[in-house]
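*Asks:* Quick one: structure below, then a few questions.
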Amino acid sequence: MQRKRIWLSAVLLILICFLIGLIWHQELTKIFVSRQIEVNREEAAETAGRLISHRGACTLAPENSLPAFRLAGELGYWGVECDVSVTKDGNFVLMHDSTVNRTTNGRGFVSHFTLEEIRKLRIDVGANVRYYMDLQVPTLEEFLQICEEYDMKPVIELKVLLEDADYDTLVSILQQAGMEDNALVISFDYEKLKRLREKSPVHTMLLSKSPSKDTVDLALTLENCDLGMDYRSCNRSLVHYAQENGILLNVYTVNDELIRRDLTRWGIHFITTDLLKPE
């Protein structure tokens, strides 16, 4: 009987210690999350209203061209956005559309060209194109070099359907450029970002034309992922909910100074623009 009591007492003591440990772990987790959100809020206050140049300084030079990116750097933009596509032989080039038709003298899908073939094309459409002779379609590597030169945040939008090997190539390019910890990779496609996060800790951003609290919750499922939205769908309630959860916000495409000021007062962290200039 005495042994039984001792055994029961030991079991009870173990259970009590386990429960105390579980409660303590939960409290520590709450403290950690709370501190992380507070860090994000402090970062938000420091970065509110930072400007991202949309496809480079695309009102001064052709979009997604090296001159447009250099001009963005010279103008002092905090970040510069580009659109990436993948060639037939697995190289990353900068092109907004799935075809080369709109902005070059060529015809056809980007994915049907090798890098050598697409480099033979010339960008022949865009702002002040007559002043920029012999413009080639840039590579992602060239874009990252300019970002490093001007100390700009590289903002890379994934548009095309990527194969698994393409994600490995993208991560390798970022690592070789020393940009894996600095780049921001954005997409409207959650699955693209999810697959990328499985391969790299790179900062990501989920884009949405009509965001809701559910969109914020979806972004939260990806570690180190923030939210970008059409500025016309932005509202105080959504901004507050995102901020409460430590999510940084980007709005696009803002070309009005008064709207920019209002959004900055709301605590919007990044503003993508075609026209607005850094102060």
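*Asks:* Consider the range 145-157. How many of its residues are within 19 Å of V110 (Cβ to Cβ) and surrounded by 22 or more Cβ atoms within 10 Å (Cβ to Cβ)?
*Replies:* 1
*Asks:* Would a scan of the range 109-120 turn up a residue that is part of a strand (DSSP E or B), at pLDDT 95 or above and surrounded by fewer than 23 Cβ atoms within 10 Å (Cβ to Cβ)?
*Replies:* Taking every residue of the range 109-120 in turn, at least one turns out to be part of a strand (DSSP E or B), at pLDDT 95 or above and surrounded by fewer than 23 Cβ atoms within 10 Å (Cβ to Cβ).
*Asks:* For S233, only one of the following conditions fails: (1) farther than 20 Å from G267 by Cβ; (2) in contact (Cβ under 8 Å) with a residue 24 or more places away in the chain. What is its number?
*Replies:* Only one criterion is unmet by S233, namely (1).
*Asks:* When the residues of the range 264-274 are narrowed to those that are surrounded by 15 or more Cβ atoms within 10 Å (Cβ to Cβ) and of a type outside the set (S, T, N, Q), which ends up nearest to the chain's Cα centre (by Cα)?
*Replies:* Taking the candidates together, the pick is F270.
*Asks:* Here's something else I'd like to know. Could you list, ordered by first residue, the pairs with Cβ atoms under 9 Å in which the first is in the range 137-157 and within 11 Å of L94 (Cα to Cα) and part of a strand (DSSP E or B) and the second is among the charged types (D, E, K, R) and modelled with pLDDT of 95 or more, at least 6 apart or interchain?
*Replies:* From residues that are within 11 Å of L94 (Cα to Cα) and part of a strand (DSSP E or B), the pairs are T139/R119; I156/E81; I156/D83; E157/E81; E157/D83.
*Asks:* Another one. Do we have V160 as surrounded by 20 or more Cβ atoms within 10 Å (Cβ to Cβ), under 25 Å from the mean Cα position of the chain (by Cα) and more than 17 Å from A72 (Cα to Cα) here?
*Replies:* No: the conditions fail for V160.
*Asks:* Let me ask something else about it. Does the range 49-95 hold any residues that are under 26 Å from L258 (Cα atoms) and of a type in the set (D, E), and which are they?
*Replies:* E63, E74, E81
*Asks:* Among the listed residues E279, E191, E257, E223, identify the single one that is at pLDDT below 95 and out of contact with any helix residue (DSSP H, G or I) (no Cβ under 9 Å at 6 or more places or on another chain).
*Replies:* Just one listed residue meets the conditions, E279.
*Asks:* Quick one: is V171 assigned to a helix (DSSP H, G or I), within 22 Å of L140 (Cα to Cα) and either modelled with pLDDT of 95 or more or not assigned by TED's automatic domain parsing to the domain that holds T59 (or both)?
*Replies:* In short, yes.
*Asks:* Could you count how many residues in the range 133-160 are modelled with pLDDT under 95 and in contact with a helix residue (DSSP H, G or I) (Cβ under 8 Å, 6 or more places away or on another chain)?
*Replies:* Counting residues in the range 133-160 that are modelled with pLDDT under 95 and in contact with a helix residue (DSSP H, G or I) (Cβ under 8 Å, 6 or more places away or on another chain) gives 1.
*Asks:* Only one of these conditions is not met by M133: (1) surrounded by fewer than 16 Cβ atoms within 10 Å (Cβ to Cβ); (2) touching a strand residue (DSSP E or B) at 6+ places or on another chain (Cβ under 8 Å). Which number is it?
*Replies:* (2)
The values are calculated or read from the model by the stated rules, or taken from the named source; none is laboratory data. For clarity, every value in this text was computed on a predicted model and none was experimentally measured. Don't worry about glycine lacking a Cβ; one is built from the backbone with ideal geometry, like all the others, and counts go over all protein chains shown.
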